[in-house]
Amino acid sequence: MPTRIVSQDYEVGSRLDHFGLTAGEFIEVAKRAVAAKASFVLNFPLNAAGQLSYIHGTGGLRDTLRLKGWEIDRTGNIEAVYNPKTGMKIVFQNADSACEDARDPKAISDKGPAATRAVDLGQKNLFPEFDAEDEQRKSRENASLWYFCVYINGDDVRAELSFPKSIEEKQFKEFNERIYIIKPGEWASIMPKKDDDETPAQDFEINVTRKK
């Protein structure tokens, strides 16, 4: 089956609503990841920028979704957030691209055998639309594994929620579905603008007198 691309705002909202999620929630997670990466300084280890983005992106997902009943999941040493009602997992992923129809995102770091197995097991549930009587048979091991792929390159930030078909040679191999959260050119309108006319917080005069 060809990849299902969900890119129009009304389609994205409707699809995410089916999962009980919103684009705004994912945008806030992306903001945290971007801010964390921006905190990188020269004296940090070279891989710190990506690590900081991953740590705070994962934390952001959990902070948001655990309020909705999702749970921390570390099955197979994969740091994820898991919905026991739908059998859906989401992993934060730094990616080399996002929201390009002709180009699938690739993970910045190689995917290991645990991720390969988890993606394979999740294929039997292509979309997490389960009847109540079927919920008891779902488990963390065969959950559908989605990735929140975030691409950060200076002021160019994009993000999508995607469901890979498989992992081959340590990278994603095609996707069942890609839901565009932050498309090219949208980041500038998402970030808060600084008001040039804003009065400085410390707006008072300091009197300096000569010591006698």
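Things to note:
- Residues with amide H under 5 Å from that of A95, placed H, sequence gap 5 or more: I108, V150, Y151, I152
- A Förster radius of 25 Å combined with the Cβ-Cβ distance from A102 to A35 puts the calculated FRET efficiency at roughly 0.25.
- Linear extension gain, M191 paired with N43, 0.36 nm per residue minus alpha-carbon span: 50.5 nm
- Gain upon complete extension [M1, R74; 0.36 nm per residue less C-alpha separation]: 23.3 nm
- Listing I72, I108 from fewest to most neighbouring C-beta atoms within 10 Å gives I72, I108.
- Figure legend: label point modelled 7 angstrom from the Cα of Q8 along Cα→Cβ; residues of region 155-182 with amide N under 15 Å from it are 180.
- Two-site label geometry, N142 and H18: point separation in nm, points 7 Å out along Cα→Cβ: 2.1 nm
- Dipole check for region 1-130: with +1 at the C-beta of Lys and Arg, -1 at the C-beta of Asp and Glu, and the Cα centre as origin, the magnitude is about 340 Debye.
Computed from the coordinates by the stated procedures, all read-outs in this text should not be read as laboratory data. Predicted model only: the values in this text are computed from it and were never measured. Using ideal geometry, Cβ is built from the backbone for each residue, glycine included, and neighbour counts are taken over all protein chains shown.
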